[in-house]
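The values are calculated or read from the model by the stated rules, or taken from the named source; none is laboratory data. All values derive from a computational prediction rather than experimental measurement. Counting neighbours? That spans all protein chains shown, and the Cβs are built from the backbone with ideal geometry, glycine included. Remember, those area values only see protein heavy atoms, side chains included, never the ligands or the DNA or RNA. Shrake-Rupley method; radii C 1.70, N 1.55, O 1.52, S 1.80 Å.
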Amino acid sequence: MRAISNAANYFAGGTLDRVAHRRRDDAWLREAMAASETRLLPFWQGKHLVHGPREAPRPAHIPATATWWRELLTADPVFLGLADGVAHFALDLSALPDPAQAAPLSALGAFVDLRSLSASLDPVSGNLLAVGRGLLLWHQRHRFCAVCGNPTRVENAGHSRRCVDKACDAVHFPRTDPVVIMLITDGDRCLLGRQPRFPPGFYSCLAGFVEPGEALEDAVARESFEEAGVQVTDITYQSSQPWPFPASLMMGFHARATTTELTVDGEELEEARWFERGWIRAHAGTESFMLPPRSAIARSLLDSWLYKP
Ligand SMILES: [Zn+2]
């Protein structure tokens with residue numbers, strides 16, 4: 001049975017049953033890999049294979065009955081779980097120089113970046129591809145043991161790696177890096193900032209990585225002060241969002257400012273401003289004032305405050 005949650009953010013939720021107890025069941029995995037209904041989802045250099053119309057793309061998969069993909073494989077297939085009872089595996093084909101030239105593959109669809117798909121891909125597929133992306137990027141970046149430097153090999157159907165050195169034998173698990181993201185408010189206005197990489201006119205919530213030995217609430221307070229010079233209180237959790245770009249888990253908070261003078265650090269943020277609620281409602285979506293897309297938790301935090309009953 002799949003655990004049911006009330007996750008509301010894009011990339012979260014979904015219908016994938018991870019059936020973790022099957023990851024060490026080699027006979028079951030072999031059978032699943034060979035079943036005709038099984039779906040093999042190709043991944044190439046950070047992109048997923050999709051097909052269908054641009055406004056409603058669908059994940060494309062290699063038929064499990066095909067064998068040509070085996071020689072294109074960069075690493076072992078990763079078992080994602082069952083969706084509607086059907087086994088799903090992610091395949092890393094990143095070593096291919098140009099998948100558009102690989103005939104059986106190019107006939108199935110085109111490789112597209114997941115972030116750009118989030119506006120059009122249905123949320124269930126969005127979750128499925130996010131799981132695959134997070135796992136495969138982790139494998140690409142953890143081929144060597146962080147303890148002793150020897151190579152590691154895949155085990156647990158792609159959900160851990162073990163050092164090949166028998167004396168070391170360290171096991172490494174997929175990483176998820178916690179990031180706090182917060183909407184800071186002061187009465188009827190909220191604080192939004194611009195990172196230097198943002199397109200002109202684009203504003204979002206403040207955010208930052210949680211550091212070792214730090215609680216989430218402490219990270220919210222520290223980042224608010226470091227990035228904008230603002231002190232906050234009443235820090236309350238709202239929701240979370242997997243963000244496999246490459247390995248973040250966004251944890252969304254609301255916080256109330258106790259100081260309002262802004263001091264921008266100039267590095268992480270190039271600008272921070274207080275915006276009135278009514279002004280945002282009137283101007284959001286215009287060329288000079290853009291907010292994060294609805295698929296981003298930053299927008300969910302903002303909307304929950306902007307349209308609070
Ligand atoms: Zn080792």
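Here are the numbers:
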| read-out | value |
| --- | --- |
| Residues of region 49-71 that turn out to be surrounded by 18 or more Cβ atoms within 10 Å (Cβ to Cβ), among the aliphatic types (A, V, I, L, M) and modelled with pLDDT of 90 or more, as a count | 4 |
| Residue match in region 118-136 (condition: out of contact with any Lys or Arg (no Cβ under 8 Å at 6 or more places or on another chain), hydroxyl-bearing (Ser, Thr, Tyr) and not in a helix (DSSP H, G or I)) | yes |
| Any hit, region 174-194, residues being within 16 Å of the ligand (Cβ to nearest atom), more than 22 Å from the chain's Cα centre (by Cα) and of a type in the set (Gly, Ala, Ser) | no |
| Residue among Leu269, Leu302 that alone is in contact with a Cys (Cβ under 8 Å, 6 or more places away or on another chain) and open to solvent by less than 70 Å² (accessible area, probe 1.4 Å) | Leu302 |
| Flag if Trp274 is farther than 27 Å from Gly132 by Cα, open to solvent by 20 Å² or more (accessible area, probe 1.4 Å) and without any contact (Cβ under 8 Å) to a residue 40 or more places away in the chain | no |
| Subset of region 149-160 (residues that are within 15 Å of the ligand (Cβ to nearest atom), surrounded by fewer than 18 Cβ atoms within 10 Å (Cβ to Cβ) and not small (Gly, Ala, Ser)) | Asn150, Pro151, Arg153, Val154, Glu155 |
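Results for (1) without any contact (Cβ under 8 Å) to a residue 24 or more places away in the chain; (2) part of a loop (DSSP other than H, G, I, E, B); (3) exposed (fewer than 14 other Cβ atoms within 10 Å of the Cβ); (4) β-branched (Val, Ile, Thr), shown as yes or no for each residue.
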| position | (1), (2), (3), (4) |
| --- | --- |
| Arg162 | yes, no, no, no |
| Asp169 | yes, yes, yes, no |
| Leu183 | no, no, no, no |
| Leu191 | no, no, no, no |
| Pro199 | no, yes, yes, no |
| Gly213 | yes, yes, yes, no |
| Glu226 | no, no, no, no |
| Thr236 | yes, no, yes, yes |
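Conditions tested, residue by residue: (1) more than 30 Å from His48 (Cα to Cα); (2) part of a loop (DSSP other than H, G, I, E, B); (3) basic (Lys, Arg).
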position	(1), (2), (3)
Gly266	yes, yes, no
Arg273	yes, no, yes
Ser295	no, yes, no
Ser300	no, no, no
